[in-house]
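I have placed the structure first, in the form of structure tokens, so that the comments after it can refer back to it.
The values are calculated or read from the model by the stated rules, or taken from the named source; none is laboratory data. Computed from a predicted model, the values in this text were never measured in an experiment. All Cβ positions, glycine included, derive from the backbone under ideal geometry; neighbour counts span all protein chains shown.
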Amino acid sequence: MNRYATIISTGAYLPEIERSNTVMAERFGEVVEKFEASSGIKTRFYAPDNWATSDLAVEAGKKAIANAGLKPEDIDLIVLGTDSPDYITPATSVVTQHKLGAKNAGTFDVGCACASFPTGLNIAAGLIASNPHMKYVLVIGAYMMHKLSDWENDVMSFFYGDGAGAAILTASDKPGFVSSTFFADGAYHKHWGIYSGGTYEPATEESVKAGRTKVKLVTPFPPEVNHEGWPARMRELAKNGNFDLKEIDLVIYTQVRLKSIKLVQETLGLPFEKAHYVMDRFGYTGSACLPMAFNDAVEQGKVHSGDLVAFVGSGVGYNQAGSAFIMQ
């Protein structure tokens, strides 16, 4: 019997502290209106100051576990994607496992920024397909970048919202996972990131004062990274999965710029209505944005049994990844 991986539940968590564009404009002025027109972002939400990324991940994980009718101890593996970890080491997935009470789960982190969730889905699908002992894998994307930014003074904090999303995969005798794709171009690794605090430049008093331990956009990415990269990843998913793009029922892209999603769908000849988006209500939630958008689509009744759903994520570095599933 063939063994496939399928998605059986989702969950998400959005914290309660709202920072709207109106509040942002009081601090940063007219540029906020310009950013809103381009991105579609109208607000964002922050976790309490005493929370860490793992706390967001736990809340999303709890909901996915409950929606699957499972208990934390049923989970065999936790794959957690984030680029705003609790610590440099140990892994945030380990902390999440402990806080969840998922005592039987192994864990590891994926650090591909916004590409982390489709990367995690692909890894989980492969592990389930090739390991008969593995039954339930929890894939989480979590993001708390506002806490690693100079959110009161850096206008790029317009984009950063906190949140987490999750999905549980299990084994099935019917196809769920269809195809994957990966791409990267490390020539862009110095464009956007946190550049002090690791081995390249350990944190010092001087680097902290200079703001190098905070996330910074150093050089903007050219639009082609997403406007050409996302269509390329979608076409690769279709080729690798032997399906036609027009068969896709729903697609979830990185939730950073609404105009990019519209342009990419037009490039692919797909209706804009097939691309679900949440950045207008949630802000840009980075590593969490794809699972949060997917969970929102599920809650709105946009995902049905038999639907072909594609995920395409694009993160700093840069990494890109795609994953395609048939829903059961």
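Could you please give the count of residues in the stretch 264-283 that are hydroxyl-bearing (Ser, Thr, Tyr) and either modelled with pLDDT under 95 or in a helix (DSSP H, G or I) (or both)? Number of matching residues: 1.
Scanning the stretch 108-158 for residues that are buried (at least 21 other Cβ atoms within 10 Å of the Cβ), touching a helix residue (DSSP H, G or I) at 6+ places or on another chain (Cβ under 7 Å), among the hydrophobic types (A, V, I, L, M, F, W, C) and on the phi < 0 side of the Ramachandran plot yields a total of 12. Among the residues of the stretch 1-42, those that are among the polar types (S, T, N, Q) and buried (at least 20 other Cβ atoms within 10 Å of the Cβ) comprise Thr6, Ser9, Thr10, Ser39.
Answer with yes or no whether Ala297 is assigned to a helix (DSSP H, G or I), out of contact with any helix residue (DSSP H, G or I) (no Cβ under 7 Å at 6 or more places or on another chain), surrounded by 24 or more Cβ atoms within 10 Å (Cβ to Cβ) and on the phi < 0 side of the Ramachandran plot. No.
Tell me which residues, restricted to the stretch 110-167, are in a strand (DSSP E or B), within 20 Å of Ser179 (Cα to Cα) and of a type in the set (A, V, I, L, M). Val110, Val137, Leu138, Val139, Ile140, Ala166, Ala167 - these are the residues of the stretch 110-167 that are in a strand (DSSP E or B), within 20 Å of Ser179 (Cα to Cα) and of a type in the set (A, V, I, L, M). In the stretch 225-248, what residues are surrounded by fewer than 17 Cβ atoms within 10 Å (Cβ to Cβ) and either modelled with pLDDT under 95 or touching a strand residue (DSSP E or B) at 6+ places or on another chain (Cβ under 7 Å) (or both)? Answer for the stretch 225-248, where residues must be surrounded by fewer than 17 Cβ atoms within 10 Å (Cβ to Cβ) and either modelled with pLDDT under 95 or touching a strand residue (DSSP E or B) at 6+ places or on another chain (Cβ under 7 Å) (or both): Asn240, Glu247.
Take the residues in the stretch 1-56 that are of a type in the set (Lys, Arg) and assigned to a strand (DSSP E or B), then tell me which one is nearest to Leu258 (Cα to Cα). The extreme case among them is Arg44. A single entry from Ala60, Ala91 fulfils the requirement of being buried (at least 24 other Cβ atoms within 10 Å of the Cβ) and under 30 Å from Gly126 (Cα atoms): Ala60.
Remark: pairs (first residue in the stretch 272-289, free of Cβ contacts under 8 Å to residues at least 60 places away in the same chain; second residue of a type in the set (Phe, Trp, Tyr) and surrounded by 24 or more Cβ atoms within 10 Å (Cβ to Cβ); Cβ separation under 7 Å; 6+ apart in sequence or on different chains) = Ala275/Tyr253. Counting just the residues of the stretch 227-260 that are of a type in the set (Phe, Trp, Tyr) and within 18 Å of the chain's Cα centre (by Cα), which one comes out farthest from Asp296 (Cα to Cα)? Residue satisfying both the conditions and the ranking: Trp230. Tallying residues that are out of contact with any Ser or Thr (no Cβ under 9 Å at 6 or more places or on another chain), without any contact (Cβ under 8 Å) to a residue 60 or more places away in the chain and in a helix (DSSP H, G or I) within the stretch 57-83 yields 3. Provide a single number: the residues in the stretch 54-93 that are among the small types (Gly, Ala, Ser) and closer than 22 Å to Gly161 by Cβ. Here the count works out to 8.
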